[in-house]
Amino acid sequence: LLYFPMLLLSGATLPYEILPLPLQLLSDMLPLTQGIKLLKNASLGLPSPDARLPIVLLAAITVVCVAVSLRKFRRVPGTR
């Protein structure tokens, strides 16, 4: 459900910059987009302040996903 939209909108297959603005805003919420932005910054040698926003967004997405998974996937009592 999320694999193909992330693949198409993240910049991994199509350049992020050619997407219309509403699709760019939507793709900014996807974790793969932030990872691709970090890879671009690292490979092009861009200054680190440009990398702060993707790192913060990836950390926020991680916290939200961990919180959701802890609530949804509880351990069954009596099992290890």
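Miscellaneous remarks
- Residues satisfying the stated conditions in region 16-60, i.e. part of a loop (DSSP other than H, G, I, E, B) and either open to solvent by less than 50 Å² (accessible area, probe 1.4 Å) or at pLDDT 90 or above (or both): LEU19, PRO20, ASP28, LEU30
- Hits in region 1-15 - residues which are open to solvent by 100 Å² or more (accessible area, probe 1.4 Å) and either at pLDDT below 85 or over 13 Å from the mean Cα position of the chain (by Cα) (or both): LEU1, LEU2, PHE4
The values are calculated or read from the model by the stated rules, or taken from the named source; none is laboratory data. These numbers come from a predicted model, not from an experiment. Ligands, DNA and RNA are stripped out before the accessible areas are found, and what is left, the full protein with its side chains, is counted by its heavy atoms. Shrake-Rupley method; radii C 1.70, N 1.55, O 1.52, S 1.80 Å.
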